[in-house]
Amino acid sequence: NAGVTQTPKFQVLKTGQSMTLQCAQDMNHNSMYWYRQDPGMGLRLIYYSASEGTTDKGEVPNGYNVSRLNKREFSLRLESAAPSQTSVYFCASSEWRGNEQFFGPGTRLTVL
Amino acid sequence: RKEVEQDPGPFNVPEGATVAFNCTYSNSASQSFFWYRQDCRKEPKLLMSVYSSGNEDGRFTAQLNRASQYISLLIRDSKLSDSATYLCVVNMEDNNNDMRFGAGTRLTVKP
């Protein structure tokens, strides 16, 4: 039982490059989330998914797209990376929205 | 006023000390709260849920004061392994159960 897994762990991009962050959970959770964490700030929600095929914008969605491929997987895509997207990205899941969330190990992204 | 506010610290305490952190929230409709622990360069992990007036788990006690809109986390008999950042999380039940995270309070327990 791996919980929530994320790949990659680290990534360096140049401005304008694109990439996809992958996330999977094996807890049969319905809700999945993508957050970013910046120094001195709380985790901020980028996108949320209540179930396969449904996604909702969070607090900071600009510059990102997501895809809930199936119940297990929820990916985050940066179409044209910007230095302001340098951050640590966490994927999380919970049984339902409002329940305790379980986090993946994070992806440290640097955009030059 | 920020939706969730925490004193960033750092709190530096000796082993065996008792330490308490507060977290204030602005949404009076919030009903459920959580404390997470985050080690350096790791993911947040759930420490405690707080649904009513409080919750106790071993050396850790969380209390909720709805009138003053704050929750607290008390750690008794601090261990070196308690050194971490403690995140306060507030459920915005009136906003689609959106969770709001505090920026965290850093604790260092010294020998």
Compare each residue of the range B:92-108 in its chain alone against the assembly with all protein chains, and report those whose accessible area goes down by 30 Å² or more; 1.4 Å probe, heavy atoms. B:Asn96, B:Asn97, B:Asp98, B:Met99, B:Arg100, B:Phe101, B:Ala103
Could you work out the local net charge near A:Leu21, counting Lys and Arg as +1, Asp and Glu as -1, over the other residues with Cβ closer than 12 Å to its Cβ? +3
Could you give me the percent of Cα pairs per 10 Å distance bin for chain B, shortest bin first, beginning at zero and ending with the bin that holds the maximum distance? 15, 50, 29, 6, 0
Cα-only radius of gyration and Dmax that characterise chain A, units Å: 13.0, 37
Stretched out fully, how many nm does the piece from A:Thr7 to A:Glu100 gain, at 0.36 nm a residue minus the Cα gap? 31.2 nm
Carbon/sulfur fraction of accessible area - chain B, other protein chains in place, 1.4 Å, %: 45
From Cα coordinates alone, what are the radius of gyration and Dmax values for the protein assembly as shown in angstrom? 17.6, 51
Can you flag which of A:Lys14/B:Lys42; A:Lys9/A:Lys57; A:Lys57/B:Lys79; A:Lys14/B:Lys45 are past 30 Å Cα-Cα? A:Lys57/B:Lys79; A:Lys14/B:Lys45
How big a patch of accessible area, both sides summed and in Å² to the nearest 100, lies buried between A and B at a 1.4 Å probe? 1600
Pair B:Lys42, A:Lys14: separation of 7 Å Cα→Cβ label points (nm): 3.7
Shielding by other protein chains, A:37-43, mean Cβ within 10 Å: 6
Hydrodynamic calc, the range A:1-43: Kirkwood Rh from Cα pairs, then Stokes-Einstein at 4 °C with viscosity 1.567 mPa s, so D in µm² s⁻¹ is 100
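The values are calculated or read from the model by the stated rules, or taken from the named source; none is laboratory data. Given the structure is predicted, the values throughout are model-derived calculations rather than measurements. Cβ sites come from the backbone with ideal geometry, for glycine too, and all protein chains shown count toward neighbours. With ligands, DNA and RNA removed, areas are computed over all heavy atoms of the protein, side chains included. Shrake-Rupley method; radii C 1.70, N 1.55, O 1.52, S 1.80 Å.
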